[in-house]
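*Asks:* Before anything else, here's the structure in question.
All of the numbers you see were taken from the coordinates with simple rules; none came from a lab. Keep in mind the model is a prediction, meaning the values are calculated, not measured. Quick reminder, even Gly has a Cβ in these numbers, built from the backbone with ideal geometry, and neighbours come from all protein chains shown.
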Amino acid sequence: MEISPMELSKLGLDPWFQNQADELCLPDQRIARITAVDRGWYMVRNEEGEVPARATGRFLNATGSTMDMPCVGDWGCVHYDSEESASIHAVLPRKSFLHRKSAGKNIELQMIAANIDVAFIVQSCHYDFNVARLERYLVMAREGHVEPLLVLTKTDLVTEDELEQLTLQIRRGGISTKIIALSNVTGAGLDQIRELMMPGKTYCLLGSSGVGKSTLINKLTGEDTLKTGTVSDSGEGRHTTVRRQLIVLEQGAMFIDTPGMREIGSFGVSGGIDEYFDDIQGLSLSCRFTNCSHINEPGCAVLQAIENGSLQPGHYGNYVKLRQESELNETFSAERRKKEKSSGKEKSKKN
C-alpha cells in the first residue's frame, strides 16, 4: 500500500506529544511515529512518508529495560540520515500502552503497543471463547489506560441461541464492556466497528492466533493489507501476523495489528487488577481485616458475597489467580534483578 504525505495530527500527534518533543528532540531531529517493529528494525512515519529506521547505539545503551525500547505506536525523536533511512534517538513518554509478561520462563515485561485509544479484544465464538482469558485482556487494557471493547468473531459458525448464551456467560462473569458480534464471512458487525472508529485515533487488535484479526483489517481496508491463513474445518484460522504494525485506514483511523498471544502472563498489573475488579475492591472495604487476602479469613466480605450469591465464584477465582500470579512474578523479577546487580558488583571488583 502506497504511503502518501499527511499531517502529523492525522497520525495522532496532539499538543501534549508536541510539548514532549520540544523538550526532548534536538534541532536536527524530527518527530515521527513508529509504525512497525520487526526484530530490531523499525518503520517511522512523518508528514512526508515512511522509511526504515534503526535505534542508535547511544539510545540502546541508555535503555534500562525492554520496556524502554521503541514499540509500534510510539512517537520518537528521529534523525533522517537520507531520504530512505533514519535513526531513532529518543522515545517520547507514552499516554497509554499495552504490555504483558514475556512468553516462556523469563520474568520480564514485554511492550505490545503504545499510545492506543481503544483496544478491540477479539475472541472467536467457535473454538477460542474463554471468559477468564477475556478478563486477562481487560486487566491488561485497564493497567495501560486503554479503553477496551469486545469483538466476538466467527458468528456465522454458531446459532443465534448459542451466541446469546456466550454473551450471557460474559455478562454473568461481571463483564459490562460493550460487545460487537462479527462475521468476516457475512460482514455482520463490520458497520458497527466502522462507525466507532474516529479519524486520528489509534485502535489495537488483541487476541489469540487465528481468531480473524488480520481478516478484519483486510475487510476494513478493502484490500489484502495483511496476509491471512486458511481456515481449518474447526473454524480455527491459521495465524500469519509476524510483526506489529500500524495501518492508516482510508477514513483516517489507525489500526495496530499484533501477533496472536498463546499466553497472557500477569506481571506488573496490580493497578489494572484493582481497577478492573473494582467490585471486589469495594467489598474489601467491609472486610474485618485491612490486609485481608480474601482466601480464608473470618469476617471477609468478599467470601460472604460469594456465599449469598451476589458475587460470581468464577469472577472471584480469576481475581485470586491473577493477583497471586502477578505477585509471584513480581517477586521472582525483583530477586533476579537483585542477583544481577550483585553479580555486576562482583565483576566490577574483579576488574
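*Asks:* Let me check the size of the stretch 121-197 from its C-alpha atoms; what are the radius of gyration and Dmax in Å?
*Replies:* Cα-based Rg and Dmax for the stretch 121-197 come out at 12.3, 35 Å.
*Asks:* Shape call for the stretch 8-91 from the C-alpha gyration tensor, a ≥ b ≥ c root eigenvalues: rounded (a/c under 1.5), prolate (a/b greater than b/c) or oblate? Walk me through the numbers on the way to the answer.
*Replies:* Values: a/c = 1.37, a/b = 1.16, b/c = 1.18.
Here the stretch 8-91 falls in the rounded category.
*Asks:* Divide, for the stretch 18-158, the radius of gyration over alpha carbons by 2.2 N^0.38 Å, where N is the residue count. Kindly include the intermediate steps, with their values, before the conclusion.
*Replies:* Numbers: Rg = 17.6 Å, N = 141, 2.2 N^0.38 = 14.4 Å.
That ratio works out to 1.22.
*Asks:* Can you give the direction-averaged projected area of the convex hull of the alpha-carbon atoms in the stretch 1-57, in nm²?
*Replies:* Working: hull surface 19.0 nm².
Average of the hull's projected areas for the stretch 1-57 equals 4.7 nm².
*Asks:* Let me ask something else about it. Can you list which of the GluC sites (Glu not before Pro) found in the stretch 1-103 are DSSP loop residues with at most 10 other C-beta atoms within 10 Å? Kindly include the intermediate steps, with their values, before the conclusion.
*Replies:* Values: sites: 2, 7, 23, 47, 48, 50, 83, 84; in loops: 2, 7, 47, 48, 83, 84.
Sites meeting the loop and neighbour criteria: 2, 7, 83, 84.
*Asks:* Could you give the nm distance between label points at residue 293 and residue 38, where each point is 7 Å from its Cα heading toward the beta carbon?
*Replies:* Between residue 293 and residue 38, the simple spin-label model gives 4.8 nm.
*Asks:* Still on this structure: Using Cβ counts within 10 Å as a stand-in for footprinting exposure, how do 85, 214, 310, 96 rank, fewest first?
*Replies:* Listed from fewest to most nearby Cβ atoms, that is 310, 85, 96, 214.
*Asks:* Using the number of other C-beta atoms within 10 angstrom as an exposure proxy, rank 89, 145 with the fewest first. Could the numbers behind the result be given before it?
*Replies:* Working: 89 19, 145 15.
Exposure proxy ranking, most exposed first: 145, 89.
*Asks:* Need one number: nm distance between label points at residue 58 and residue 130, each 7 Å from Cα along Cα→Cβ, rounded to one decimal.
*Replies:* Distance between label points: 4.6 nm.
*Asks:* Roughly how many Å is it from the Cα centre of the stretch 30-55 to that of the stretch 7-24, as a whole number?
*Replies:* Cα centres, the stretch 30-55 to the stretch 7-24: 15 Å.
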